[in-house]
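This report concerns only the one structure given below.
The values are calculated or read from the model by the stated rules, or taken from the named source; none is laboratory data. Since this is a predicted model, take the numbers as computed values, not measurements. No Cβ is skipped: glycine too gets one built from the backbone with ideal geometry, and neighbour counts run over all protein chains shown. All accessible areas refer to the heavy atoms of the entire protein, side chains included, with ligands and DNA or RNA removed. Shrake-Rupley method; radii C 1.70, N 1.55, O 1.52, S 1.80 Å.
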There are 2 protein chains.
Amino acid sequence: MPNRKIATPITLIDVKSACSNCNLHELCLPLGLSHAEIEKLDEVVANRRRLKRGEHLYRAGQPFDAIYAVRSGFFKTDVLLEDGREQVTGFQMTGELLGLDGISTEHHSCNAVALEDSEVCTIPFLHLEGLSREIQTLQHHFHKVMSREIVRDHGVMMLLGTMRAEERLAAFLLNLSQRFTARGYSPAEFYLRMTREEIGSYLGLKLETVSRAFSRFQEEGLIAVQQKHVRILNTPGLKRLMSHQQGRG
Amino acid sequence: MPNRKIATPITLIDVKSACSNCNLHELCLPLGLSHAEIEKLDEVVANRRRLKRGEHLYRAGQPFDAIYAVRSGFFKTDVLLEDGREQVTGFQMTGELLGLDGISTEHHSCNAVALEDSEVCTIPFLHLEGLSREIQTLQHHFHKVMSREIVRDHGVMMLLGTMRAEERLAAFLLNLSQRFTARGYSPAEFYLRMTREEIGSYLGLKLETVSRAFSRFQEEGLIAVQQKHVRILNTPGLKRLMSHQQGRG
DNA sequence: AAGCCCCTTTGATCCATGTCAACGTGCGCG
DNA sequence: CGCGCACGTTGACATGGATCAAAGGGGCTT
């Protein structure tokens with residue numbers, strides 16, 4: 001959590017996010033909306049907020065009143081147990097939404113932290129509900145986004161409940177690869193924004209186990225890793241890894 | 001999956017569920033709605049469907065067009081991997097909703113199976129969306145329900161990612177106890193509707209491990225178990241179990 | 001440019017839970 | 001009413017990943 005002295009003193013900037021001008025809307029909430037509808041949405045997406053690496057977008061327990069769309073950067077969400085144990089519940093990149101968990105109790109139920117300097121669009125939730133009572137497409141798309149989050153979580157449960165360490169890491173890398181691809185980046189080469197410990201927490205493994213699995217993949221020629229830089233050399237090989245043995249030790 | 005010969009040949013019964021007369025609405029979708037609003041909802045909740053034990057409400061891959069509210073009985077949802085591995089993603093009881101995962105792709109992404117003879121209300125999803133564009137309370141409540149599902153899944157991820165076997169089982173029993181309590185049943189005594197294997201799948205454990213944990217809890221005087229009959233003798237003791245050590249082996 | 005600290009890697013050992021096996025038990029069906 | 005079978009329990013052993021430990025590397029700070 002480096003607290004570097006920086007030129008920009010304010011993180012809350014009152015500038016229209018302008019969904020209509022945003023090249024992300026194919027990935028984000030406006031997906032499928034007409035131009036006129038997107039302009040209505042512009043009125044709801046109140047402002048942008050910049051975060052430095054390590055900064056919290058929100059913390060568990062804080063009152064909820066908006067969801068956020070990642071405009072640039074990279075986040076993690078996590079849940080802390082009283083005894084200090086941490087579970088990373090997800091990593092969010094460009095175009096993905098943050099804060100959906102807060103709707104339930106009107107308080108955030110997890111922490112959201114920027115893993116690199118990032119920018120989000122703030123979407124006041126009551127406004128979004130209002131607009132989605134008017135625009136059926138928006139309503140339906142929002143429901144799909146929430147549902148997708150549920151499906152995603154089931155995938156993670158599957159991973160945590162039935163897969164062994166190397167399968168989990170393979171699944172994780174393939175998932176990242178696919179999401180980078182969808183954003184126009186290379187499917188085969190990327191920088192991890194999170195530490196081995198955060199990967200481990202997400203995958204239910206210790207950081208040493210994650211590190212060893214990386215090394216093993218490298219030995220087997222499946223990937224090339226150096227620190228946070230990953231190149232996938234053999235995608236089918238990684239996929240094959242995932243459909244094998246039973247059990248967890 | 002006993003295929004008993006039964007008197008009732010039809011499972012799809014065209015009878016109004018009548019939310020307005022249903023004593024469950026404090027637990028279910030109509031929560032917080034006015035009487036007039038509940039009557040509108042009655043028009044949407046198309047019909048009831050009865051399922052025998054072992055019967056599927058829906059299967060992964062089937063087209064999605066409705067969500068379901070459990071009116072009576074008990075369900076599990078699960079996801080299957082190609083290689084046969086199963087992950088139980090949840091157990092649903094009276095008043096809880098099934099099928100939210102299907103909204104995302106318009107196809108169900110998991111299987112829903114009745115663990116005892118059960119009855120559900122069918123809620124055609126497009127109708128629900130239509131009505132929730134009219135009734136803000138309903139819209140907001142529905143969003144809360146979806147969000148609650150996300151929060152619940154994060155809890156399971158925490159459990160699978162950071163807890164050891166006995167902690168997981170303690171968390172599971174306390175959760176069941178709390179949900180039975182909310183439904184007016186005894187918090188301390190209930191019948192499990194699922195097998196040790198299903199519990200194990202949900203908790204990311206093998207059935208033998210679940211069985212041993214039950215036996216251990218019994219030795220320690222925390223519970224009394226006999227087969228599917230469970231009595232909780234020491235709730236604080238179970239809670240204490242959950243806030244201890246690190247690590248998974 | 002140097003130094004520090006965090007992250008990562010790797011090795012050695014341990015332990016929780018998986019695996020395999022055998023036996024017990026109660027429900028449902030014939 | 002009793003038999004069979006799925007479910008549950010318990011024991012012995014195997015092992016994957018955790019734990020403990022130590023050393024190397026890279027980037028940010030000074």
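Dividing the convex hull volume of the alpha carbon atoms of the protein assembly as shown by its residue count gives 158 Å³ per residue. The reciprocal of the average 1/r between distinct C-alpha atoms defines the Kirkwood hydrodynamic radius, which for region A:12-149 equals 15.2 Å.
Cross-linked pairs A:206/B:76; A:76/A:206; B:76/B:206: Cα-Cα separations exceed 19 Å for A:206/B:76. Taken along its principal axes, the alpha carbon cloud of region B:109-187 reaches lengths of 47, 30, 27 Å, longest axis first.
Taking B:239, A:228 and ordering them by how much accessible surface each has at a 1.4 Å probe, largest first, produces B:239, A:228. Starting from a Cα-only point model with no solvent, please compute log10 I(q)/I(0) by Debye for region A:113-249 at q = 0.14 1/Å. The computed values of log10 I(q)/I(0) come out as -0.77.
Add -39500 (n - 2.57) for each DSSP H run of 4 or more in the protein assembly as shown, then divide by its residues: what number comes out at 222 nm, to the nearest 500 deg cm²/dmol?
On the way: 14 runs with 186 residues, N = 498.
Per the formula, -12000 deg cm²/dmol.
The chymotrypsin sites (Phe, Trp or Tyr not before Pro) found in region A:183-249 that occupy coil by DSSP, while having at most 16 further C-beta atoms within 10 Å, are A:185.
Peptides A:92-102, A:49-59 ordered by packing proxy, namely the average of other Cβ atoms within 10 Å per residue, highest first: A:92-102, A:49-59. Region A:183-249 and region B:117-168 have Cα centres lying 32 Å from one another. Note on chain A: GNM, Cα springs under 10 Å; of A:65, A:42, A:83, the largest mean-square fluctuation is that of A:83. Summarising the label geometry, the points placed 7 Å from Cα in the beta-carbon direction at residue A:186 and residue A:81 lie 3.9 nm from one another.
Extents of chain B, largest first, come to 53, 40, 34 Å (Cα atoms, principal axes, whole angstrom).
A convex hull fitted around the alpha carbon atoms of region B:163-241 yields 80 Å³ per residue. Shielding by partners for peptide A:185-192, expressed as the average number of C-beta atoms from other protein chains within 10 Å of each residue's C-beta, is 0. With respect to chain A, whose longest principal axis is taken over its alpha-carbon atoms, helix A:207-219 is tilted by about 70°.
For helix A:35-44, report the angle its Cα long axis makes with the longest principal axis of the Cα atoms of chain A; keep it between 0 and 90° and round to the nearest 10°. Tilt of helix A:35-44: around 90 degrees. Averaged over peptide B:157-167, the number of partner chain Cβ atoms lying within 10 Å of each residue's Cβ comes to 6.
Highest GNM mean-square fluctuation, chain B, Cα pairs closer than 10 Å: which of B:152, B:85, B:168? Taking springs between Cα atoms under 10 Å, the residue moving most is B:85. Remark: the protein assembly as shown carries 46 Å² of accessible area per residue (probe radius 1.4 Å; ligands, DNA and RNA excluded). For the residues B:197, B:134, B:149, a GNM of chain B with alpha-carbon springs under 10 Å puts the largest fluctuation on B:134.
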